[in-house]
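Here is the structure we will look at, set down as structure tokens.
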Amino acid sequence: MSRTGTIHRKTKETDIRLSLDLDGGERELETGIGFFDHMLTALAVHGGLGLKISVKGDLQVDCHHTVEDVGIVLGKALEEALGDKAGIRRYGSAFIPMDEALAFCAIDVSGRAFFVFDGDFPQERVGAFDTCMTEEFFRALAMNAGITLHIRCEYGKNSHHMIEAQFKAFAHALRAAVSPRGDGVLSSKGII
């Protein structure tokens, strides 16, 4: 069974083509925001994902639309790739250190979109990436994937390290949640 999702979304602000393979594959990322590409690459590598993203965004305004819209599209692709969510572990969590920073992520592939974020970044920007967009990206992803997602940065002093730890924690938690466990849906209701 193919666990893939392919989405093309075009608005007046962004034009995004994205393909996702939960079981691995090629990685080609081009958002126009170097640090964001770095984070998405970390997500793909640590999550064991095949991920291709091509974005044309209104970066002359700022990074907001590009980052949030990638979250929307990645969330939709994840929902498509998971199908009826049968045969997966459903839950995943991870603590990930990155030098002085420590992040935690917990995921429930529940079909119920919910998002909790806890993280204050000491620097407002990392390259052309506004650090406040970390929360917006993950919120858009969770709402469009239909997952319950909790992400927290326990502590840190360097925004780059703090955000990277969060992306990697998400990747490891997602990898665990979508890993095969057998037949059927892991729910007492029999459906997610």
Odd one out for residue 80, checked against (1) at pLDDT 95 or above; (2) surrounded by fewer than 20 Cβ atoms within 10 Å (Cβ to Cβ); (3) touching a Lys or Arg at 6+ places or on another chain (Cβ under 7 Å) = (3)
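Rundown of residues vs (1) surrounded by fewer than 21 Cβ atoms within 10 Å (Cβ to Cβ); (2) in contact with a Phe, Trp or Tyr (Cβ under 8 Å, 6 or more places away or on another chain), yes/no style:
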{"residue": "95", "(1), (2)": "yes, yes"}
{"residue": "98", "(1), (2)": "no, no"}
{"residue": "105", "(1), (2)": "no, yes"}
{"residue": "129", "(1), (2)": "no, yes"}
{"residue": "135", "(1), (2)": "yes, yes"}
{"residue": "145", "(1), (2)": "no, no"}
{"residue": "160", "(1), (2)": "yes, yes"}
note = Selection over region 4-36 where residues are of a type outside the set (S, T, N, Q) and buried (at least 18 other Cβ atoms within 10 Å of the Cβ) yields a count of 11
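Applying the selection to region 173-182, what residues are within 18 Å of residue 81 (Cβ to Cβ) and touching a Gly at 6+ places or on another chain (Cβ under 7 Å)?
Selection gives 173, 174, 175, 176, 177, 180, 181.
The values are calculated or read from the model by the stated rules, or taken from the named source; none is laboratory data. Not measured: the values here are computed from a predicted model. Note that we place each Cβ from the backbone using ideal geometry, even for glycine, and neighbour counts take in every protein chain shown.
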